[in-house]
Amino acid sequence: MAALDITLYVLSALAGLCIGSFLNVCIYRLPRGKFFSKARSFCPKCGEAIKAYDNIPLLSYVILRGKCRSCGERISPRYPLVEAMTCALFVGNYAMFGMHGLTLVWDVAACALITASFIDLDTMEIPDSAVLVLLALGLVTFAPFGGVSYVDKLIGCACVSVPMFLLAMFGGMGLGDVKLYFVLGLLLGWQKVLIVFVVSVVLGAAVSVIVTAVKKRRGEEEFDLSEEEYRRLPRGAVCAEGETPLPPKKMRFHVVPFGPFIALATVVAIFGGDALVAFYAGLLGI
Ligand SMILES: [Zn+2]
């Protein structure tokens, strides 16, 4: 491996760690509507501002052994996880596409998808800002760039999002997920967005089944209520068994948020999409 190549791998990793650290700030601030706040990062438990030397991606978490220096509260392992994921995707993108505009495109897409996934986990909603970033990437690559033709992109926009939009009308899917499929279709073309669709549905269904089974076992049956039934219940009411209190704010109608599965499936499509498309084309004899 040439020295330049090694340098670029190291730079990709460092950029991933630093930008991952910034994504943690986005994930915290975007749903709270104070993205442009000048306040420094602070411990959510004791409110103490985090010193610059305690804010080094990954390293600080290891040195502090996952605890706040000021109050000793456990720091969520999510922070280093987001940094590590961003780092891994940046390095992966460079390994896959090298010195090419596509590396930058997929780096930005990775940031949008990671942010959308964790905000979806927290709030059951996909932020429009992440969708807009992906839309911009879809438009920027709206040229015979990266081997996706105009026609493939335009079909990609509609082929998953339109059926899913109809499903969303009947409450089967969130609108945020539909928007994600739309912009990913524009970015990836119809062949790969179909891969995203199949992989995300399979992963999502598998995890939903597991989560439902675990909740049933623990006696948490809150998901059995329909939206209508939930609205009719007085605040603070308990479920039929008289044990499980209802979630305080918003009823969760879906067992698990779907955004993270779409994001994960997109990573599969980026890194394995060409091989999968070739495999299926071979099966069909195209
Ligand atoms: Zn603290």
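Sum up the charges of everything whose Cβ sits under 10 Å from the Cβ of TYR61, counting Lys and Arg as +1 and Asp and Glu as -1, but leave TYR61 out. Present the calculation step by step, with values, prior to reporting the outcome.
Working: positive: ARG65, LYS67; negative: ASP54, GLU83.
The answer is 0.
If you add up the charges near CYS71, with Lys and Arg at +1 and Asp and Glu at -1, over every other residue whose beta carbon is less than 12 angstrom from its beta carbon, what do you get?
Combined, the nearby Lys, Arg, Asp and Glu give +2.
Pull up the cross-link candidates among the lysines for LYS153, meaning alpha carbon to alpha carbon under 18 Å and not fewer than 8 places away within one chain.
Those lysines meeting the cut-off are LYS179, LYS192.
Once you list every other residue whose beta carbon is under 15 Å from the beta carbon of LYS179, what net charge do they have if Lys and Arg are +1 and Asp and Glu are -1?
Working: positive: none; negative: ASP120, GLU125, ASP128, ASP177.
Residues near LYS179 contribute -4 overall.
Take every Cα pair under 8 Å in the range 1-99 that's 6+ residues apart, average their separations, divide by the length, and report that relative contact order as a whole percent.
Numbers: 84 pairs, mean separation 43.1, N = 99.
44 percent.
Please order ILE270, ILE195, ILE56 by the number of other Cβ within 10 Å, starting at the fewest.
Working: ILE270 25, ILE195 21, ILE56 15.
Going from sparsest to densest Cβ surroundings: ILE56, ILE195, ILE270.
Which ³J(HN,Hα) values, rounded to whole Hz and listed in residue order, are derived for the range 179-195 from phi using the Karplus coefficients 6.51, -1.76 and 1.60 in 6.51 cos²θ - 1.76 cosθ + 1.60 with θ = phi - 60°, glycine and proline given as x?
These are the phi-based 3J(HN,Hα) values: 4, 4, 4, 4, 5, 5, x, 5, 6, 9, x, 5, 4, 7, 6, 5, 4 Hz.
Taking the beta-carbon count within 10 Å as an exposure proxy, list PHE170, PHE35 from fewest neighbours to most. Intermediate results must be reported in sequence, preceding the final value.
Values: PHE170 7, PHE35 13.
The fewest-first ordering by Cβ neighbours comes to PHE170, PHE35.
What is the calculated FRET efficiency for MET99 to ARG40, with r their C-beta to C-beta distance and R₀ = 35 Å, to the nearest 0.05? Working shown, then result.
Numbers: r = 36 Å, r/R0 = 1.02.
Computed FRET efficiency for MET99 and ARG40 comes out at 0.45.
Can you sort VAL160, VAL131, VAL201, VAL211 by how many other beta carbons sit within 10 Å, fewest first? Each step should come with its number before you reach the end.
Numbers: VAL160 25, VAL131 19, VAL201 16, VAL211 13.
So the residues, fewest neighbours to most, are VAL211, VAL201, VAL131, VAL160.
Any read-out appearing in this document is the output of simple, stated calculations on the displayed coordinates, not a laboratory observation. Bear in mind the structure is a predicted one, so any value in this text is a computation, not a measurement. Positions of Cβ are backbone-derived with ideal geometry, glycine not excepted, and every protein chain shown enters the neighbour counts.
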